[in-house]
1. Go through the residues of region 34-50 one by one and say whether even a single one is farther than 24 Å from residue 63 by Cα, touching a Ser or Thr at 6+ places or on another chain (Cβ under 9 Å) and loosely packed, with under 14 Cβ neighbours inside 10 Å.
2. Please state which of the following conditions residue 69 fails to meet, knowing it meets all the rest: (1) assigned to a helix (DSSP H, G or I); (2) of a type in the set (A, V, I, L, M, F, W, C); (3) without any contact (Cβ under 8 Å) to a residue 40 or more places away in the chain.
3. Does at least one position in region 85-100 carry a residue that is closer than 28 Å to residue 2 by Cβ and either of a type outside the set (Asp, Glu) or open to solvent by 70 Å² or more (accessible area, probe 1.4 Å) (or both)?
4. Being crowded, with 16+ Cβ neighbours inside 10 Å and within 16 Å of residue 19 (Cα to Cα) is the filter here, so list the residues in region 53-82 that pass it.
5. Return only the number of the condition from (1) surrounded by 10 or more Cβ atoms within 10 Å (Cβ to Cβ); (2) free of Cβ contacts under 8 Å to residues at least 40 places away in the same chain; (3) over 22 Å from residue 61 (Cα atoms) that residue 17 does not satisfy.
Amino acid sequence: KILAWIVESRVFEIFTIIITIASLFADDIRLFILPKFFDDIYYACVLLNILLFIFEIIVTSLGRKGYFCSFYFLTDIIATLTLFLDLGWLYMAMTGTPNYGGKTAEDYFMYAMEKKNIMIGTRDIQAI
């Protein structure tokens with residue numbers, strides 16, 4: 001009964017909306033504005049968001065009838081799992097990419113363009 005009250009409360013709803021919006025745009029803000037040394041702070045915030053989303057899924061599953069294993073439950077699970085890709089050290093370990101030390105989004109873009117040019121050059125050599 002208490003969990004149903006929490007799930008239906010306006011405060012819980014607004015809190016969840018704020019966390020969702022922050023999760024959607026935080027990585028873009030980090031890349032465009034913040035210097036590289038803020039990355040670890042950002043990753044800690046992402047971990048906190050993941051824990052809050054897991055808490056929200058558990059509370060909603062227990063407090064709202066019909067939520068568990070519903071479409072919304074599955075989309076919440078998938079969305080929460082994709083947040084793990086925002087963790088830089090985990091993403092780099094999974095993909096095998098190096099920890100690029102760029103400071104801004106422009107540095108990342110230039111790094112990506114260099115990689116693309118290398119791949120195009122390699123493809124041209126293979127065609128010959």
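1. yes
2. Every listed condition holds for residue 69 apart from (1).
3. To start, the set of residues in region 85-100 that are closer than 28 Å to residue 2 by Cβ comprises none.
No, region 85-100 has no match at all.
4. Once the filter is applied, which keeps residues that are crowded, with 16+ Cβ neighbours inside 10 Å and within 16 Å of residue 19 (Cα to Cα), region 53-82 yields 53, 56, 57, 59, 60, 76, 80.
5. It fails just one condition, (3).
The values are calculated or read from the model by the stated rules, or taken from the named source; none is laboratory data. Predicted model only: the values in this text are computed from it and were never measured. All Cβ positions, even for glycine, are placed from backbone atoms using ideal geometry, and neighbour counts span all protein chains on display. These accessible areas exclude ligands, DNA and RNA; they are computed on the full protein's heavy atoms, side chains included. Shrake-Rupley method; radii C 1.70, N 1.55, O 1.52, S 1.80 Å.
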